[in-house]
Amino acid sequence: MIRGCLLNANSAGNKSEEIKEYMFQNNLDLLAVTETWAKPGRDGNYALRACCPPGFNFEHEPRPVGRGGGVALIYKMSSVVHINRYPSPRNFTFESINLQLYLRHQEIRLIVIYRPPSGSIPDFLDDFHRLLITVVKQSPRNLLIVGDFNIHVDTTYTWTPG
């Protein structure tokens, strides 16, 4: 059994000790993280590396421009045998990391999504729809999508696939 969780970190770099402790206390194999705020390159890698308990590693997709955002997966290396990474769409209304995880006894296609709250919901739904079509064609089984969608579930939205 694999144990996983989703966390909106709202800046992982300044919460690294709390993140490590949370993973340890809950015996997690996978931690999907939104709003890492980790920048591309060495600084972002350092911030996320600080969040990894011993025996863990990470995959990260930083926000392409501006501050904030970013998504990551922190994973236990003894639980994840191999990872294939698929390109993340850059023109979508959300940030994502798209991974094929090869675990000890199964494969999981995992997509971690962060949608900033200021974007258009119908535009997001169009982009999400396109992503689903693409992913289901590539690997229709064992698909797990997690994230912070910033959608109020008590609000009615009108959407027609575009």
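Values for this structure:
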read-out: Positions within the stretch 133-157 being aliphatic (A, V, I, L, M), within 22 Å of N8 (Cβ to Cβ) and either assigned to a helix (DSSP H, G or I) or more than 18 Å from the chain's Cα centre (by Cα) (or both), in sequence order; value: V153
read-out: Qualifying residue in the stretch 70-77 (condition: of a type in the set (G, A, S) and surrounded by 15 or more Cβ atoms within 10 Å (Cβ to Cβ)); value: yes
read-out: Some residue of the stretch 68-81 being basic (K, R), over 14 Å from the mean Cα position of the chain (by Cα) and assigned to a strand (DSSP E or B); value: yes
read-out: Residue satisfying condition, being modelled with pLDDT of 95 or more and buried (at least 18 other Cβ atoms within 10 Å of the Cβ), within set L131, L101; value: L101
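The values are calculated or read from the model by the stated rules, or taken from the named source; none is laboratory data. If you're wondering where the values come from, they're calculated on a predicted model, not measured in any experiment. FYI the Cβ positions are ideal-geometry reconstructions off the backbone, even for glycines, and counts take in every protein chain you see.
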